[in-house]
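Below: the structure, in structure tokens.
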Amino acid sequence: MNLTRRALGANLTAAWAVAAQVPAGGAPLAIGGRRELFVDRALVDEARGVEFRLGTAVDAGPVIHFNQPWEGRFCGYTTILQEASLYRMYYRGVPTAGNDGNDAESTCYAESLDGKTWKRPTLNLFEVHGQRRNNVILAHSAPYSHNFSPMLDQRPGVDASERFKALAGVHKTGLMAFVSADGLRWKKLRAQPVFPPPSAFSLDSQNISFWSAAERQYVLYFRTWKKIGNTNYRWVSRATSDDFLTWSPPVEISYGDAPPEHLYTNQTAPYFRAPHIYAGICARFMPGRQIVSQAQAAELRVDPQYFKDCSDAVLVTSRGGASCTRTFMEAFLRPGVGLENWVSRSNYPALNLVQTSPSTMSFYVNRNYGQPTANLQRYELRLDGLASIRAGYQGGELLTKPLQFEGSRLELNFSTSAPGSVRVELQDAAGHPLPGHSLADAKELIGDEIGRVYAWKSGESVAALKGQPVRIRFVLKDADIYAFQFKP
């Protein structure tokens with residue numbers, strides 16, 4: 001068995017050594033000490049017997065039912081922020097359907113200490129529906145409660161009075177900027193919109209902004225339209241800013257050669273453990289794809305305007321700029337069992353992933369839209385588990401492009417079966433195994449861990465290879481690798 005493995009390994013190493021070439025210009029990809037996820041093929045040169053696999057979300061149940069008089073069945077456009085041990089939730093409250101930006105809309109707030117159990121604090125900031133004892137942070141400010149979307153500003157040196165920022169507005173108004181010191185009491189950054197009313201696109205869904213440490217600027221993702229053939233698709237465009245006040249002209253997002261689909265919300269944000277990678281768990285909208293009959297809609301008590309379409313959630317990623325990757329066209333989250341999940345504008349994900357245990361993270365989804373049972377549901381994922389590379393029992397291999405790293409140890413987030421394994425070989429840029437780090441020197445890694453430092457027979461250290469072009473060869477059997485990182 002061992003001889004067969006060694007012979008197979010030697011043959012594949014020789015084959016890859018011939019095929020492997022340094023990228024154009026001879027420059028390796030500088031990854032420093034960043035954590036890298038297998039959500040795209042940006043670092044991949046070759047893969048054999050390995051597939052890219054979407055993560056599996058586990059239903060953790062509803063965290064809040066929109067049953068207060070100022071909330072209702074049309075609550076939506078939810079944002080989740082995590083600040084140290086405090087989790088904050090922002091969402092639109094609107095009891096009855098109406099025009100976008102009508103005065104019945106308000107912005108509501110809830111909070112949690114673990115991301116799992118949520119409460120509505122009594123804030124006494126605005127009187128809504130005849131009572132001031134509520135959790136409303138913005139009201140009587142049409143149209144800005146329609147899609148108020150806050151963020152925690154991570155820009156170095158940001159003024160404490162503006163550490164929370166938000167954009168809100170609709171087509172006729174453009175986007176108004178708001179700031180807050182505590183995330184509860186908000187004021188306009190200036191009297192005029194910072195993003196003027198558009199002439200050819202829509203701002204009616206969630207308009208997502210954040211400070212990008214990777215791009216060193218503020219980034220805004222927002223809904224537009226794009227005509228392809230005879231179809232007008234709900235699309236996404238992007239703008240950037242150095243100061244949150246002056247924004248660049250919009251640029252349409254490119255999804256490469258992926259077939260066009262309606263993306264109603266994009267929910268793009270830096271992944272918190274690898275902020276150079278932006279992850280968007282988007283609402284994929286299927287207009288006119290009706291599942292629920294009129295009689296069934298009456299039984300569900302869904303609003304008559306909201307049962308003739310359906311939607312689910314998909315994963316879109318980006319490494320900055322106006323290019324996004326659709327590695328997976330399949331649903332990241334299917335609507336699920338129950339006709340209540342197959343109505344219009346349900347299954348819309350909230351903005352942001354947050355860590356909710358040492359080994360898991362959560363995202364949240366608006367469910368049962370337009371129904372008395374409207375709620376926000378939590379879904380749980382393995383940490384870094386948006387996607388993985390996976391090999392079955394027969395085994396497989398993946399070879400990276402030449403990389404340049406900083407650090408002295410290689411840490412893996414991985415999972416194997418009982419007979420499964422992960423082994424790692426380090427190669428030079430031309431594909432030759434490096435002494436002491438060849439497959440013959442590699443120890444078999446077995447188990448299921450969020451972070452395990454890999455070791456060869458000579459030990460864990462890869463410090464001598466720091467700054468050099470290095471290829472990583474992952475050899476898997478009935479195993480997944482979710483992420484890797486070179487650490488000090």
Exercise for the section: Look through 194, 158, 179 and report the one residue that is of a type in the set (A, V, I, L, M, F, W, C), surrounded by 16 or more Cβ atoms within 10 Å (Cβ to Cβ) and over 22 Å from residue 92 (Cα atoms). Expected result: 158
Completion exercise
Taking the stretch 349-360 and keeping residues buried (at least 24 other Cβ atoms within 10 Å of the Cβ) and either free of Cβ contacts under 8 Å to residues at least 40 places away in the same chain or touching a Ser or Thr at 6+ places or on another chain (Cβ under 6 Å) (or both) leaves 350, 351
Practice task
Return yes or no: is residue 314 within 24 Å of residue 238 (Cα to Cα), assigned by TED's automatic domain parsing to the domain that holds residue 262 and among the β-branched types (Val, Ile, Thr)?
Solution key: yes
Handout entry: Whichever residue in the stretch 451-488 is assigned to a strand (DSSP E or B) and among the β-branched types (Val, Ile, Thr) and, among such residues, is nearest to the chain's Cα centre (by Cα)
Key = 481
Handout entry: Total residues in the stretch 328-339, condition assigned to a loop (DSSP other than H, G, I, E, B), in contact (Cβ under 8 Å) with a residue 40 or more places away in the chain and surrounded by 19 or more Cβ atoms within 10 Å (Cβ to Cβ)
Key = 2
Practice task
Report yes if some residue within the stretch 111-118 is farther than 21 Å from residue 173 by Cβ, of a type in the set (Ser, Thr, Tyr) and under 27 Å from the mean Cα position of the chain (by Cα); otherwise report no.
Solution key: yes
Handout entry: Count of residues meeting criterion [outside any loop (DSSP other than H, G, I, E, B) and under 18 Å from residue 248 (Cα atoms)] in the stretch 166-204
Key = 7
Practice task
Can you tell me which residue within the stretch 311-326, out of those that are over 13 Å from the mean Cα position of the chain (by Cα) and assigned to a loop (DSSP other than H, G, I, E, B), is nearest to residue 117 (Cα to Cα)?
Solution key: 320
Handout entry: Unique residue being in contact with a strand residue (DSSP E or B) (Cβ under 7 Å, 6 or more places away or on another chain), of a type outside the set (A, V, I, L, M, F, W, C) and under 29 Å from residue 137 (Cα atoms) when the list is 238, 234
Key = 238
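I need the full set of residues from the stretch 140-155 which are touching a Phe, Trp or Tyr at 6+ places or on another chain (Cβ under 8 Å), more than 28 Å from residue 84 (Cβ to Cβ) and buried (at least 20 other Cβ atoms within 10 Å of the Cβ), in order please.
The one that is touching a Phe, Trp or Tyr at 6+ places or on another chain (Cβ under 8 Å), more than 28 Å from residue 84 (Cβ to Cβ) and buried (at least 20 other Cβ atoms within 10 Å of the Cβ): 146.
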Handout entry: Enumeration of residues in the stretch 238-292 that are hydrophobic (A, V, I, L, M, F, W, C) and farther than 20 Å from residue 309 by Cα
Key = 239, 244, 245, 247, 251, 253, 258, 269, 272, 274, 277, 279
Exercise for the section: Please state which of the following conditions residue 53 fails to meet, knowing it meets all the rest: (1) charged (D, E, K, R); (2) surrounded by 19 or more Cβ atoms within 10 Å (Cβ to Cβ); (3) at pLDDT 95 or above. Expected result: (2)
Fill in the blank from the handout: In the set 421, 461, the lone residue that is out of contact with any Asp or Glu (no Cβ under 8 Å at 6 or more places or on another chain) and either farther than 30 Å from residue 299 by Cα or free of Cβ contacts under 8 Å to residues at least 12 places away in the same chain (or both) is 461
Problem - Total residues in the stretch 364-423, condition more than 30 Å from residue 79 (Cβ to Cβ), crowded, with 23+ Cβ neighbours inside 10 Å and under 22 Å from the mean Cα position of the chain (by Cα) - result: 1
Completion exercise
Turns out the strands (runs of 3 or more DSSP E) fully within the stretch 237-310 with at least 3 residues that are closer than 27 Å to residue 381 by Cα and without any contact (Cβ under 8 Å) to a residue 60 or more places away in the chain are 274-286
Exercise for the section: Considering every residue within the stretch 289-298, establish whether at least one is over 19 Å from residue 155 (Cα atoms) and in contact with a Cys (Cβ under 7 Å, 6 or more places away or on another chain). Expected result: yes
Practice task
Kindly check whether there is at least one residue in the stretch 202-221 that is crowded, with 16+ Cβ neighbours inside 10 Å and more than 24 Å from the chain's Cα centre (by Cα).
Solution key: no
Problem - Residues (assigned to a loop (DSSP other than H, G, I, E, B), in contact with a Leu (Cβ under 9 Å, 6 or more places away or on another chain), of a type outside the set (Gly, Ala, Ser) and closer than 21 Å to residue 316 by Cβ) located in the stretch 340-362 - result: 347, 352, 353
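The values are calculated or read from the model by the stated rules, or taken from the named source; none is laboratory data. Note that the structure is a prediction, hence the values are computed from the model and not measured. Quick reminder, even Gly has a Cβ in these numbers, built from the backbone with ideal geometry, and neighbours come from all protein chains shown.
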